[in-house]
Amino acid sequence: MSSWIISTSKNVLTLYCKKFECCNDEQIPYKIDNFKDLLSKRVCGQHIAVDIIVNAIISHVKNSNPKKPLVMGFHGPNGSGKTYISRLIAETLYENGENSRYFHFYYGLQHFPLIEKLSEYQDKLRTDIDTAIKKCGKSLFIFDGVDQMPPGLLNILMPFLDCPHCDKEKTEKNKAIFIFLTNAGSLIIQNSLLDKLSQGIDRKSTTFHDFEKLIISEIFTHDGGLFKSLMIKSDAIDFYVPFLPLEKEHVAYCIKEAFNELNISPIKKIPYKSLENKVFKELRFGPEPDNLFSSSGCKRVSQITGRLITSYNTNINISSEIDFHKSEL
């Protein structure tokens with residue numbers, strides 16, 4: 001009888017977890033074995049970011065008793081892959097990916113738009129994080145648009161990020177991952193990369209250490225959520241990950257990805273090289289005089305590619321219809 005009750009209880013729990021998601025190994029499978037391959041195949045032009053993120057995530061989730069949460073800053077220009085990689089991390093960690101109950105996303109202009117409400121935002125954020133971690137220590141918190149958040153806002157996170165004796169649940173709390181996405185530091189990353197390239201140093205030879213100190217110095221004095229932040233002062237952020245500006249070859253990769261998403265064969269159905277050139281014409285490259293980097297990275301590529309393909313197909317259909325009517329005359 002007791003074995004039947006135990007078996008039934010397990011079945012009920014399994015059904016419940018499939019429907020509502022539980023904080024267990026099935027719902028949080030940590031699919032990290034192929035994580036490096038996933039990022040290497042789907043992220044272009046970010047050799048430093050991929051290397052740091054893959055090794056930091058794998059090391060953290062394999063540690064059954066981490067000393068603190070994993071805290072990373074993603075720094076770089078628009079369209080360089082910061083948000084995209086964050087989503088791939090959620091996809092890797094959770095069975096439900098971005099739809100997981102344990103994936104928490106905050107966007108500066110949406111969630112914290114008014115500086116006069118700073119105290120209100122801090123109270124709510126503290127409660128949100130505390131509640132989330134108590135429900136599941138293996139939570140992922142993404143803060144996007146940090147440079148658009150009120151200065152001082154993120155100081156409220158310090159008890160969660162760098163206070164090992166603050167509460168009894170520190171072991172569970174330390175399993176969490178916090179990632180801060182910001183455009184702050186973009187210009188200094190770009191200028192540093194340009195300097196390296198002018199010295200004949202290959203882009204792929206640049207390292208994390210070429211940018212880390214520059215990023216820290218820049219974001220500490222940059223208006224926004226990390227302005228003179230306690231997280232920086234106390235070394236609560238483990239890695240300041242540089243995202244390099246994208247060059248033409250990287251944007252070309254994004255155009256091909258856009259083709260794949262639209263299920264179009266660039267060889268048979270449409271003159272791919274012609275379309276690629278048209279996409280490049282609609283993007284801005286800079287800085288002068290060499291114009292090496294896409295000003296918006298890959299951010300607008302999908303929309304531009306989709307519009308040009310639709311326009312091409314529309315013109316083909318119109319031409320075919322005209323030819324059909326001419327044959328009837």
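One line per residue, one yes/no per condition, for (1) more than 22 Å from L154 (Cα to Cα); (2) in contact with a helix residue (DSSP H, G or I) (Cβ under 6 Å, 6 or more places away or on another chain); (3) not in a loop (DSSP other than H, G, I, E, B):
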{"site": "D33", "(1), (2), (3)": "yes, no, no"}
{"site": "A49", "(1), (2), (3)": "yes, no, yes"}
{"site": "I58", "(1), (2), (3)": "yes, no, yes"}
{"site": "K67", "(1), (2), (3)": "no, no, no"}
{"site": "V71", "(1), (2), (3)": "no, yes, yes"}
{"site": "Y84", "(1), (2), (3)": "yes, no, yes"}
{"site": "T92", "(1), (2), (3)": "yes, yes, yes"}
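The single condition among (1) more than 19 Å from the chain's Cα centre (by Cα); (2) surrounded by 18 or more Cβ atoms within 10 Å (Cβ to Cβ) that K233 does not satisfy is (2). Looking at the stretch 173-216, which of its residues are assigned to a helix (DSSP H, G or I) and in contact with a Ser or Thr (Cβ under 7 Å, 6 or more places away or on another chain)? Across the stretch 173-216, the qualifying residues are L193, K196, D210, L214. Hey, does the stretch 217-239 have a residue that's outside any loop (DSSP other than H, G, I, E, B), touching a helix residue (DSSP H, G or I) at 6+ places or on another chain (Cβ under 6 Å), of a type in the set (D, E) and closer than 30 Å to F112 by Cβ? Yes; the residues of the stretch 217-239 include at least one that is outside any loop (DSSP other than H, G, I, E, B), touching a helix residue (DSSP H, G or I) at 6+ places or on another chain (Cβ under 6 Å), of a type in the set (D, E) and closer than 30 Å to F112 by Cβ.
For the stretch 84-96, the criterion of being basic (K, R) and either farther than 16 Å from G145 by Cβ or in contact (Cβ under 8 Å) with a residue 24 or more places away in the chain (or both) is met by no residue. For the stretch 28-48, indicate whether the set of residues that are of a type in the set (S, T, Y), within 23 Å of S100 (Cα to Cα) and in contact (Cβ under 8 Å) with a residue 60 or more places away in the chain is non-empty. The answer is yes, given that some residue of the stretch 28-48 is of a type in the set (S, T, Y), within 23 Å of S100 (Cα to Cα) and in contact (Cβ under 8 Å) with a residue 60 or more places away in the chain.
Note on the stretch 67-102: residues that are surrounded by fewer than 17 Cβ atoms within 10 Å (Cβ to Cβ) and closer than 20 Å to M231 by Cβ amount to 1. Which residue is surrounded by the fewest Cβ atoms within 10 Å (Cβ to Cβ), if the candidates are limited to the stretch 169-183 and must be out of contact with any Pro (no Cβ under 8 Å at 6 or more places or on another chain) and modelled with pLDDT of 95 or more? The extreme case among them is I179. Does the stretch 160-175 contain at least one residue that is touching a helix residue (DSSP H, G or I) at 6+ places or on another chain (Cβ under 9 Å) and over 20 Å from M231 (Cα atoms)? Yes, the stretch 160-175 has at least one match.
Considering only the stretch 278-292, state which residues are outside any helix (DSSP H, G or I) and within 28 Å of the chain's Cα centre (by Cα).
Within the stretch 278-292, L283, R284, F285, G286, P287, N291, L292 qualify.
Does F280 fit the bill of being out of contact with any Gly (no Cβ under 9 Å at 6 or more places or on another chain), under 21 Å from G81 (Cα atoms), surrounded by 15 or more Cβ atoms within 10 Å (Cβ to Cβ) and not assigned by TED's automatic domain parsing to the domain that holds L118? Here the answer is yes, as F280 does meet what is asked.
The values are calculated or read from the model by the stated rules, or taken from the named source; none is laboratory data. Owing to the predicted nature of the structure, the values given are computational and were not obtained by experimental measurement. A quick note on method: Cβ atoms are made from the backbone with ideal geometry, for glycine too, and the neighbour counts reach across all protein chains shown.
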